[in-house]
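Okay, so here's the structure we're looking at.
The values are calculated or read from the model by the stated rules, or taken from the named source; none is laboratory data. Please read all numbers here as calculations on a predicted model, not as lab measurements. Every residue, glycine among them, receives a Cβ derived from its backbone with ideal geometry; neighbour counts consider all protein chains shown.
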Amino acid sequence: MTPKENASDIDILKPLFWDYDWASVKQNLLSPFVIARVLELGDPEQFRVLAKVIGDHAVRAFVVQKGIRLLSRRSYNFWQLFYQRHESTERA
């Protein structure tokens, strides 16, 4: 993926950060705040773009290490189950 495609793809996240400077958000995509907001409020396409740009492993690490503190109980449970299932299908 070229940087130009990356930049245009990531703009799909902009509506989730209406209350923040978008340039600052784009520079801090690995921030727990950014990941949490996408996991809480984003749609499947926004999640897919974030996972593609920062790496699925970074999202998974966030869920394991910080998800319980930064996500709602419902979101945390969903993402925990999502990655457990995703992990088990990768092994098969």
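Restricting Arg48, Arg74, Arg37 to those that are surrounded by 18 or more Cβ atoms within 10 Å (Cβ to Cβ) and among the basic types (Lys, Arg) reduces the list to Arg37. Of all residues in the stretch 1-19, those being in a helix (DSSP H, G or I), of a type outside the set (Gly, Ala, Ser), loosely packed, with under 15 Cβ neighbours inside 10 Å and modelled with pLDDT under 95 number 4.
Whether a residue is surrounded by 13 or more Cβ atoms within 10 Å (Cβ to Cβ) and either touching a residue at least 60 places away in the same chain (Cβ under 8 Å) or not in a loop (DSSP other than H, G, I, E, B) (or both) was assessed, and Gln84 does not pass this test. Of all residues assigned to the stretch 66-81, none qualifies as being among the charged types (D, E, K, R) and at pLDDT below 95.
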